[in-house]
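Data first, discussion second: the structure below is written as structure tokens.
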Amino acid sequence: MKICQVVPIYLPGTLFGSSRYVRDISRRLAGKGHPVTILTANAITGRGWADPLFGKYSSVKEERMDGLRVKRLRTRWQVTSTMYLFERIAGGLLPGSFRNIVSFLSAGPYLSNLKGEFRNERYDVIHVTPSPFALVYLVWKACKALRIPFVCSPFIHFEDPRFRNPLLWKILQDAAFVIACTHFEKERMISIGIDPCKIILIPMGIELNEWENVDGERFRKKYGLGGKKLILFAGPKGYDKGAVHVLKAVERIKHRIEGLVLVSVGLPTRVWREKKHILDQSNLLDLGYLKEEEKKDAFDACDVLVMPSRYDSFGIVYLEAWKCGKPVIGARIGAVSEVIEEDRDGFLVEFGNVEQLSSKILYLMNHPDLSKRMGENGRRKVVERFNWEKNIDLVEDVFKRAKIEWK
């Protein structure tokens, strides 16, 4: 099969969850003999989708990376910025159907000549991810015009108002297949009218072999953390991800655990910069985006991963922590409640409840045997269920069915 994977950002940009998902399954599919093209924006930061002055761009239009063909189309930032302002200023006054389109386009990125790319390349199947970005709408329009199949992995955050767009439901209904990563996501899509026969459940995964040589002691030595108790937060440091609540929880218990340090890894936000002074330098190691090797070492070095996000469609970071044998704490929301088995491989707390969060962190720190047991339970689950060696055949089968059944 000639496969096209459409994703908003790809290397050399920062790979977030959906981009890493595309990278991992694409490398596996290429290894099975399928020619795979990653089609993405020439903007390698989200800022570049709407702001040419402060956005970052790649000048390389096409290259080979990890056995994959990567093509970058020009980002039409004028469309995204105009739609963004339009939505902000007049969104409430727009007719419903037009407002739904504006909502998609304002998210960006808007790629030039997507329809021409599909026509010229004659891909067998096109896979786009994630919603609610403009690419999902653009792929739908192009594939509909050319009468070619597309598959969508929407990664819907049902708790997030930005995903409550009726046009998204129409797009998913028109897809050849929709990949859901949890039973929760599948059942919610069925409840809003998506044909159950179109929805294929494929769990998320990680590449196990990439985690074989992690070295937590290397990370501890580099940052002078020998003997410290480490809490890891890994992801965008925003309010909705629970970053502020983790800060407050650590501040609450720092005097009860000697050598307690919060290690924060990921891109900062405005609210993070305003609130991180809650902890002094002895209790906070604030790092930005790390290279893959050092990020993996951070997971291996920590005592517990804490990611109490309000919105999430799965949570790959939990798998990464479990692969290193670490317990996790997440928020009690739909998808995450399915991924984390409470009291077996982690704890769940109510989003924003700092008292609950600090209590669970304290309990794990004071019960190392339980922490170890939870981490090992999580490791077993990843090896048995949540890895691409196990699950790539499911993805390949969906793409084959999309090609055959569409024709």
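Observations
- About the Cα centre, charge dipole magnitude for the chain (Lys/Arg +1, Asp/Glu -1 at Cβ), debye: 1160 debye
- The antiparallel fraction among DSSP beta bridges confined to the chain stands at about 10%.
- Nearest-20 debye value, the range 308-375 charge dipole, Cβ charges on Lys, Arg, Asp, Glu: 200 debye
- Here LYS61 is the anchor, and the aspartates and glutamates within straight C-alpha reach of less than 20 Å, apart from those fewer than 8 places off in the same chain, are ASP51, GLU117, GLU121.
- Measuring against 19 Å, Cα to Cα, the residue pairs LYS56/LYS237; LYS221/LYS372; LYS221/LYS296 contain LYS56/LYS237; LYS221/LYS372 as the ones spanning a longer distance.
- When both the range 127-189 and the range 335-407 are represented by their alpha-carbon centers, they are found 23 Å apart.
- Simple rule: put +1 on each Lys or Arg Cβ and -1 on each Asp or Glu Cβ in the range 327-407, find the dipole, and look at PHE399, VAL339, MET365; the Cα lying farthest toward the positive end is PHE399.
- Seen from GLU384, the other residues with C-beta closer than 15 Å to its C-beta sum to a net charge of +3, counting Lys and Arg as +1 and Asp and Glu as -1.
- Between the range 76-115 and the range 245-264, the alpha-carbon centres lie 42 Å apart.
- Solvent-free Debye scattering, log10 I(q)/I(0), computed from the Cα coordinates of the range 31-141 at q = 0.12, 0.16 Å⁻¹: -0.46, -0.77
- Under 11 Å, Cβ to Cβ, from VAL271 - net charge with Lys/Arg +1 and Asp/Glu -1: +4
- Scalar couplings 3J(HN,Hα) for the range 259-266, obtained by applying the Karplus form with A = 6.51, B = -1.76, C = 1.60 to θ = phi - 60°, are x, 7, 9, 8, 9, 10, 10, x Hz; x denotes Gly and Pro.
- Sequence-distant residues sharing a close amide H with LYS229 (under 5 Å, placed H): LEU260, VAL261
- Cα gyration tensor category, rounded, prolate or oblate, for the range 210-384 with a/c compared to 1.5: rounded
- Cα-based equivalent ellipsoid of the range 163-295: semi-axis lengths in Å, sorted from largest, via gyration tensor: 39, 20, 13
- Farthest toward positive dipole pole in the chain [+1 Lys/Arg, -1 Asp/Glu at C-beta], among ILE38, VAL250, TYR289: ILE38
Readers should treat all values here as calculations from the given coordinates under stated rules, not as data from a laboratory. All figures in this text were calculated on a predicted structure; none of them were measured in a lab. Glycine gets a Cβ as well: all are built from the backbone with ideal geometry, and neighbour counts include every protein chain shown.
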